[in-house]
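Chemist: To start, I am sharing the structure in question, which I have written as structure tokens.
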Protein chains: 2
Amino acid sequence: MAQIQTLSKNQKIILDIIEKANEPLKAYSILFNVQKKGIKAPLQVYRALEKLIKLGKIHKVESRNAFVACKNSNCEISKATAFSICETCKKVTEISDQKLSKYLKNFHDKTGMIYKKYNLEFYGLCTTCKRS
Amino acid sequence: MAQIQTLSKNQKIILDIIEKANEPLKAYSILFNVQKKGIKAPLQVYRALEKLIKLGKIHKVESRNAFVACKNSNCEISKATAFSICETCKKVTEISDQKLSKYLKNFHDKTGMIYKKYNLEFYGLCTTCKRS
DNA sequence: TAACGTTTGTTATAATATAACATTTTGAAG
DNA sequence: CTTCAAAATGTTATATTATAACAAACGTTA
């Protein structure tokens, strides 16, 4: 809550739109939505997005080039994200599974590489689309 | 081996370049590389890439918009991919870890969604960059 | 050969993202 | 309160990534 105060004008406007959407938004669709509020250029949107990602307020769904609000207070500043994506209805949901995140946080391979961050995207059929 | 025979001319050319590269290649850098071989348009490259992905010969590294040859005979036709990405030197390696892939293949969340596919990207520091 | 799916070739354009530069706002330190 | 630096803004231009739409050729296999 205190942190929201530190957001700038553009950042607030754009976070607000992303939070109110019930689906990931594309940068240019955000741009279209905020033009009435005086944000005219792509770069203004991309800059706000970049900052919001750094703050962990939003995530980028990489395989969709879309941006979604973080529903998980435990994302640890955008370091660890997992999504489920329905290939039929395109619905994207942030997965919040303690076991999964613990498993991945502790994962290390043979090479000895240090992992600071990950992004996981599952694709499949959601329960609604499964039925039909 | 038998399968490689069924690849078309463009598909072979493009797979060959991706396999010989020791890093993920961007579509337009592939395009640049094959122009001497008569492939002139982006669409020719993208079409071949799409097919090669379907066949599991290559993968797309989503967060990089780049394409890399599959080093894993057990990717099951591109259904399950995991990469490690060094944020310093940008090196991308396909992770081949039985336990990890088994864990993710069997993962299911509360929603009951069926997962047919996933893509996981770890970001961090590789051993070489760690030292310096 | 006829019919079909796949691949190719081509032009044009859509969609996504960043470079470069000038200016303004903000917040903390003196 | 002023000054300074960091952050944010505004703007134009351009780079990068990807697909639409259409016509033609190829390769099976009936």
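The values are calculated or read from the model by the stated rules, or taken from the named source; none is laboratory data. Note that the structure is predicted; figures quoted are calculated from it, not measured. Neighbour counts run over all protein chains shown; Cβ positions are idealised from the backbone, glycine included. Surface accessibility is based on the protein's heavy atoms, side chains included, excluding ligands, DNA and RNA. Shrake-Rupley method; radii C 1.70, N 1.55, O 1.52, S 1.80 Å.
Chemist: Largest first, what is the accessible-area ranking of B:89, A:129 with a 1.4 Å probe?
Modeler: Details: B:89 65, A:129 25 Å².
Accessible-area ranking of B:89, A:129, largest first: B:89, A:129.
Chemist: Next question, about the same structure. When only alpha-carbon atoms count, how far does the range B:2-69 stretch along each of its three principal axes, as whole angstroms with the largest first?
Modeler: Answer, in whole Å and largest first: 31, 25, 20 Å.
Chemist: In addition: About the Cα centre, and with charges only on the beta carbon of Lys, Arg (+1) and Asp, Glu (-1), how big is the dipole of chain B? Nearest 20 debye, please. The partial results should precede the final answer.
Modeler: Details: 25 positive and 11 negative charges, 57 e Å.
The calculated dipole for chain B is roughly 280 debye.
Chemist: Considering the zone a paramagnetic label at residue A:91 would reach in this model (a point 7 Å from Cα along the Cα-to-Cβ line), which residues of the range A:59-74 have amide N under 14 Å from it?
Modeler: Answer for the range A:59-74: none.
Chemist: Can you give the Rg and Dmax of chain B based on its C-alpha atoms, in angstrom?
Modeler: Looking at chain B, its Cα Rg and Dmax stand at 16.2, 52 Å.
Chemist: Enter the angle in degrees (range 0 to 90, nearest 10) between the Cα long axis of helix A:9-20 and the first principal axis of the Cα atoms of chain A, meaning the one along which they spread out most.
Modeler: In chain A, helix A:9-20 runs at an angle near 50 degrees to the longest axis.
Chemist: What residues have an amide H closer than 5 Å to that of residue A:83, excluding those fewer than 5 places away on the same chain, when H is modeled at 1.01 Å from N in the peptide plane?
Modeler: Those lying under 5 Å, H to H, from residue A:83 are A:95, A:120, A:121, A:122.
Chemist: Further question on the same structure: Just the projected area, averaged over all directions, of the convex hull on the alpha carbon atoms of the range B:80-131: how many nm²?
Modeler: On the way: hull surface 17.1 nm².
Over all viewing directions, the range B:80-131 projects a mean Cα-hull area of 4.3 nm².
Chemist: By how many degrees, 0 to 90 and rounded to 10, does the Cα axis of helix B:42-54 deviate from the longest principal axis of chain B?
Modeler: With rounding to tens, the tilt is 40 degrees.
Chemist: I've got another one for you. Write out the trypsin sites (Lys or Arg not before Pro) in the range A:100-130 meeting two conditions: DSSP loop, and at most 10 other Cβ atoms within 10 Å of their Cβ. Please list the in-between numbers first.
Modeler: Numbers: sites: A:102, A:105, A:110, A:116, A:117, A:130; in loops: A:110.
For trypsin sites (Lys or Arg not before Pro) across the range A:100-130 that sit outside H, G, I, E and B with at most 10 neighbouring Cβ atoms in 10 Å, the list reads A:110.
Chemist: Around residue A:117, under 11 Å between beta carbons, what's the net of Lys plus Arg minus Asp minus Glu among the other residues?
Modeler: Working: positive: A:79, A:105, A:116; negative: A:76, B:87, B:121.
Within the 11 Å Cβ shell, the charges total 0.
Chemist: Under the definition of Cα pairs under 8 Å and six or more residues apart, what whole-number percent is the relative contact order of chain A? Before the final figure, lay out each step's value.
Modeler: Details: 162 pairs, mean separation 26.2, N = 132.
Relative CO of chain A lands at 20 percent.
Chemist: Working only with C-alpha atoms, what are the Rg and Dmax values of the protein assembly as shown, expressed in angstrom?
Modeler: Here Rg and the maximum Cα pair distance are 19.8, 62 Å.
Chemist: List the distances, in nm to one decimal, from the label point of residue A:71 to the label points of the same position in every other copy, shortest first, placing each label point 7 Å from Cα along the Cα-to-Cβ direction.
Modeler: Label-point separations across copies, in nm and ascending: 3.5.
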